[in-house]
1. Considering only residues of the stretch 121-131 that are part of a helix (DSSP H, G or I) and surrounded by 14 or more Cβ atoms within 10 Å (Cβ to Cβ), which is nearest to the chain's Cα centre (by Cα)?
2. Got a number for residues in the stretch 26-54 being open to solvent by 30 Å² or more (accessible area, probe 1.4 Å), assigned to a helix (DSSP H, G or I) and within 17 Å of Lys86 (Cβ to Cβ)?
3. Against the definition (open to solvent by less than 80 Å² (accessible area, probe 1.4 Å), over 14 Å from Asn118 (Cβ atoms) and of a type in the set (D, E, K, R)), how does Glu62 come out, yes or no?
4. Name the one entry in Ala57, Ala78 that is in contact with an Asp or Glu (Cβ under 9 Å, 6 or more places away or on another chain), free of Cβ contacts under 8 Å to residues at least 60 places away in the same chain, crowded, with 21+ Cβ neighbours inside 10 Å and in a helix (DSSP H, G or I).
5. In the stretch 87-109, which residue that is outside any loop (DSSP other than H, G, I, E, B) and touching a Lys or Arg at 6+ places or on another chain (Cβ under 9 Å) is surrounded by the most Cβ atoms within 10 Å (Cβ to Cβ)?
6. If you check Phe23 against the conditions, is it in contact (Cβ under 8 Å) with a residue 12 or more places away in the chain, open to solvent by 60 Å² or more (accessible area, probe 1.4 Å) and of a type in the set (Phe, Trp, Tyr)?
Amino acid sequence: MNIVINQDIQACTTAGEVCAIVFGRAAELNAVNIATGLRKLLQAPRARVAEADFQHAMRRLEDEALRNMKEFGAREIANTLHIIAKKRYRPANASLLPSLENRTAEAANHFNPQDVANTLWAYATMGRTPP
């Protein structure tokens, strides 16, 4: 089921479409879906989505990320940090970045070179010190 959800998220062309998936299926999302959802939502055109809906979907994804943080592997951590830094996004939940940092330290031995590069770039862009 999570593979189908991820395919649905990746097929979205607007923020509104991503919001609809987040609102309808948030409780079903796994770490891969959450990381994909955050990336897609931050990159998708927002012309036809209300700012309140966008913010609500982002908060929901942040909450789901925190709830599922132990599931986040190296790729999900690296991709999430990378899109947050790339879009200069400030998470609504102040505990998201510290939780990702703790998880980064726990999963450090599983990072491949691309995960390391994306993570270090994200930390440098955000002006944060990696764990």
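1. Ala122
2. Looking only at that region, the number is 3.
3. yes
4. The match here is Ala78.
5. Arg103
6. Criteria met by Phe23.
The values are calculated or read from the model by the stated rules, or taken from the named source; none is laboratory data. Bear in mind that the values here come from a model prediction, so they are computed numbers and not experimental data. Note: ideal-geometry Cβ built from the backbone for every residue, glycine included; neighbour counts use all protein chains shown. These area figures cover heavy atoms from the full protein model, side chains too; ligands, DNA and RNA do not enter into them. Shrake-Rupley method; radii C 1.70, N 1.55, O 1.52, S 1.80 Å.
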